Amino acid sequence: MSIPILEVVDLHAAYGRIEVLRGVDLAVPKGAVMALLGPNGAGKSTLVKVISGQKEATSGDIHLAGVHVRGARSEDLARVGLCTVPEGRSVFPNLTVEENLVLMSYAGVPKGAILETAYNYFPRLHERRNQLAGTMSGGEQQMLAMSRALTSDPALLLLDELSMGLAPLIVDELYDTVARIAESGVSILCIEQFARTALRVSDYAAVMSGGRIVATGEPGEILDTMADVILGGAA
């Protein structure tokens, strides 16, 4: 069995005296799309912050492609292939779409390659390339945030609440693109409150509740056995 692209073992984290992650165990196979589901307050976004180096764990281990990375800084994790599209879409609103993308060339990726990747996955961004990012729709801003993440040629992409605040048709479109990105060999962990669309493009799913992973399996199995937990939001 190959080494998982991401393995989290008995991970704990807290805000002050309140423990939010209570022994999380999770493995994402290489080349797979995994949906991480669960209600608000389950600890999903805290887990993303710990994995991506934005918050310290109190105990436990994190391995990226077999390398121990707990405690590594976000910028160091990015260099070894971990990239996060955070909840709430982080774009520079007063720059154009193309300026947002070209900013990513500071990491040494040629401008032409950055634009080609972005416009190939999201043709609408090419149409909007001279528009200020802050004047675009939420869905278009999410496309831009995803494109910026892809310019770093990630091995593992963390998508935190991709669907937040977006219309169902746009969410479907974004998840169709998630499937295309996965076909290129990128491993993806989708953190979602709204389950059905994420499960449609996922190879595996895990369910989080009360700061722990309470179930893992194939999407159909998870939908059958954990519907009461994961379908608490709009499905």
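The values are calculated or read from the model by the stated rules, or taken from the named source; none is laboratory data. Quantities reported herein were computed from a predicted structural model and do not represent experimental measurements. We place every Cβ from the backbone using ideal geometry, glycine too, and count neighbours over all the protein chains shown.
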Would you mind stating whether Gly38 is within 15 Å of the chain's Cα centre (by Cα), surrounded by 18 or more Cβ atoms within 10 Å (Cβ to Cβ) and under 25 Å from Thr225 (Cα atoms)? yes
Mind checking which residues of region 120-136 are hydroxyl-bearing (Ser, Thr, Tyr) and under 20 Å from the mean Cα position of the chain (by Cα)? Tyr121
Among the residues of region 186-207, is any part of a loop (DSSP other than H, G, I, E, B), at pLDDT 95 or above and surrounded by fewer than 18 Cβ atoms within 10 Å (Cβ to Cβ)? yes
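In region 125-141, what residues are out of contact with any strand residue (DSSP E or B) (no Cβ under 8 Å at 6 or more places or on another chain) and either surrounded by 16 or more Cβ atoms within 10 Å (Cβ to Cβ) or of a type outside the set (Val, Ile, Thr) (or both)? Full working, then the answer.
Taking region 125-141 and keeping what is out of contact with any strand residue (DSSP E or B) (no Cβ under 8 Å at 6 or more places or on another chain), we get 125-128, 134-141.
Result: Leu125, His126, Glu127, Arg128, Gly134, Met136, Ser137, Gly138, Gly139, Glu140, Gln141.
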Do any helices (runs of 4 or more DSSP H) lying entirely in region 84-181 carry at least 1 residues that are within 29 Å of Arg73 (Cβ to Cβ) and of a type in the set (S, T, N, Q), and which ones are they? 97-102, 111-121, 138-150
Can you name the condition, by its number, that Gly112 falls short on among (1) surrounded by fewer than 16 Cβ atoms within 10 Å (Cβ to Cβ); (2) touching a residue at least 40 places away in the same chain (Cβ under 8 Å); (3) not polar (S, T, N, Q)? (2)
If you scan region 208-233, which residues turn out to be in contact with a helix residue (DSSP H, G or I) (Cβ under 8 Å, 6 or more places away or on another chain), of a type in the set (A, V, I, L, M, F, W, C) and surrounded by fewer than 17 Cβ atoms within 10 Å (Cβ to Cβ)? Val214, Leu231
Can you spot a residue in region 102-124 that is of a type in the set (Gly, Ala, Ser), touching a strand residue (DSSP E or B) at 6+ places or on another chain (Cβ under 9 Å) and closer than 24 Å to Gly31 by Cα? no
Is there a residue being among the small types (Gly, Ala, Ser), farther than 15 Å from Asp160 by Cβ, modelled with pLDDT under 95 and buried (at least 16 other Cβ atoms within 10 Å of the Cβ) anywhere in region 3-14? no
All but one of (1) surrounded by fewer than 18 Cβ atoms within 10 Å (Cβ to Cβ); (2) closer than 30 Å to Glu140 by Cβ; (3) of a type outside the set (A, V, I, L, M, F, W, C); (4) in contact (Cβ under 8 Å) with a residue 60 or more places away in the chain hold for Lys55; state the number of the condition that does not hold. (4)
Going through region 42-80 in order, the residues found to be among the β-branched types (Val, Ile, Thr), more than 18 Å from Gly23 (Cα to Cα) and not in a loop (DSSP other than H, G, I, E, B) are Val67
Go through (1) loosely packed, with under 14 Cβ neighbours inside 10 Å; (2) at pLDDT below 95; (3) farther than 28 Å from Arg124 by Cβ for Tyr106 and report which single condition fails. (3)
Looking for something touching a Lys or Arg at 6+ places or on another chain (Cβ under 8 Å), of a type in the set (Lys, Arg) and touching a residue at least 12 places away in the same chain (Cβ under 8 Å) - is there at least one such residue anywhere in region 70-93? no
